[in-house]
Every structure is written in C-alpha cells, then in structure tokens.
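The values are calculated or read from the model by the stated rules, or taken from the named source; none is laboratory data. Bear in mind that the values here come from a model prediction, so they are computed numbers and not experimental data. No Cβ is skipped: glycine too gets one built from the backbone with ideal geometry, and neighbour counts run over all protein chains shown. Accessible surface is based on the protein model in full, side chains and every heavy atom, while ligands, DNA and RNA are left aside. Shrake-Rupley method; radii C 1.70, N 1.55, O 1.52, S 1.80 Å.
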Amino acid sequence: MTREEQFMEVAIALSQEGMNKNEGGPFGCIIVKDDKIVGRGNNKVSSTNDPTAHAEVTAIRDACKNLSNFQLTDCEVYTSCEPCPMCLGALYWARPKVVYFANNRQDAADIGFDDSMIYEEMNVSIPDRKIPILPLGRKNAIKVFEEWKEKGDKTLY
C-alpha cells in the first residue's frame, strides 16, 4: 500500500467513525504536511447544527489552528469524497499542493448528498438564481474596500 493510500484509509476511517457516532454524513478528511497528519475532520453538520461543518472544512480549521497559519501551503488533503462546491472553494482559499478524494460526486448523490443544483446555480445569472441574491449597500461598503486597498499593514492572502 502506498503512503497516499495509507493516508486515504485514515480519512475513510474518520468518515465511518463520524457516521457511527451520528455526528453527520459519512465524510472524513485529513491534512498532511511532511508526512504528518496536521488536521483531521469529519462531517459534523447535524451534530453541530452548522451547515458548513463538512469534513474538509473541519479538517482545514483543525490544520490551520495546529499550524498557526491560514494557508495550507505544502500540505496534502485526503478526503473520503470529492469536495462539494463549498469545500472546493475553501480548499482553493487554503491553497494545499494536492487534494486526493475517494468517492466521487455521483457516489454521494446516490446516497442522498446531491450537489448538482449548486453546481448548476454557479452558472446561472444572479437574477435567475433559486435563492434571491440582491445587491444592497454598495455605496458605503465600497469605502471599506477602498480603505483596504490603501491599508499599509494588511496581511495579504
């Protein structure tokens, strides 16, 4: 078994452990840096009443806390299922060097975790989306963006 397969087995075990504890859906994720697991997570949506508590997000939060960094540069992500759109966005923000996944999005849809509507919504114009997304307050909000642009002591990411 390769090292990657061994790490994926840990993520899969987390998915089963979380499911067996009724913490959420059957999803697990680990983050590895220099051959050491630096972050672990499993889906905890239903146990925490947090729709963002997907395995990848909880693992990212754990790894970033443990590394004292908001980016996962030089890290590998092992997740038991292809990341949903939210998790994919979080992973891109975290900037790991690679993401490995086991089950794919169709496997997830087959057991009731179908993200196809979200993927479709991303290609729909804002006025035509299922949830109304309306602009409001830009006149004042843009001033904060302008201040950020000029801020000399900001941390870029």
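Between Asp34 and Thr155, what's the calculated FRET efficiency when r is the beta-carbon distance and R0 is 25 Å? Round to 0.05.
0.55
Using the Cβ atoms and a cut-off under 11 Å, what net charge is assigned to the surroundings of Ile37, where Lys and Arg are +1 and Asp and Glu are -1?
-1
How far, in nm, would the chain grow between Glu5 and Ile133 when pulled straight, counting 0.36 nm per residue and subtracting the alpha carbon separation?
This chain segment gains 41.9 nm when fully extended.
For the chain, what does the accessible surface come to per residue with a 1.4 Å probe? Please give it in Å². Each step should come with its number before you reach the end.
On the way: 10530 Å² over 157 residues.
Heavy-atom accessible area per residue stands at 67 Å².
Of the listed peptides 86-94, 43-51, 117-125, 134-142, what is their order by residue-averaged count of other C-beta atoms within 10 Å, with the highest listed first?
86-94, 43-51, 117-125, 134-142
Within the accessible area of region 91-153, what % is carbon and sulfur when the probe is 1.4 Å and the other protein chains stay in place?
Result for region 91-153: 58 percent of the exposed heavy-atom area is carbon or sulfur.
Return the equivalent ellipsoid semi-axes of region 11-157 as a descending list in whole Å, where each equals the square root of 5 times an eigenvalue of the C-alpha gyration tensor.
Semi-axes (√(5λ), whole Å): 29, 23, 13.
Any chance you could get the radius of gyration and Dmax over the Cα atoms of region 35-82, in Å?
11.0, 33
Please give the peptides 101-111, 72-82 ranked by average Cβ packing (other Cβ atoms within 10 Å per residue), highest first, as a rough proxy for protection.
Final packing ranking: 72-82, 101-111.
So for the pair Asp50, Phe70, with labels modelled 7 Å out along Cα→Cβ, what separation do we get in nm?
Roughly 1.7 nm, to one decimal.
For region 90-157, what does the alpha-carbon gyration tensor say about shape, rounded, prolate or oblate, given a ≥ b ≥ c as the root eigenvalues, a/c under 1.5 as rounded, and a/b over b/c as prolate?
Since a/c reaches 1.5 but b/c is at least a/b, the shape of region 90-157 is classed as oblate.
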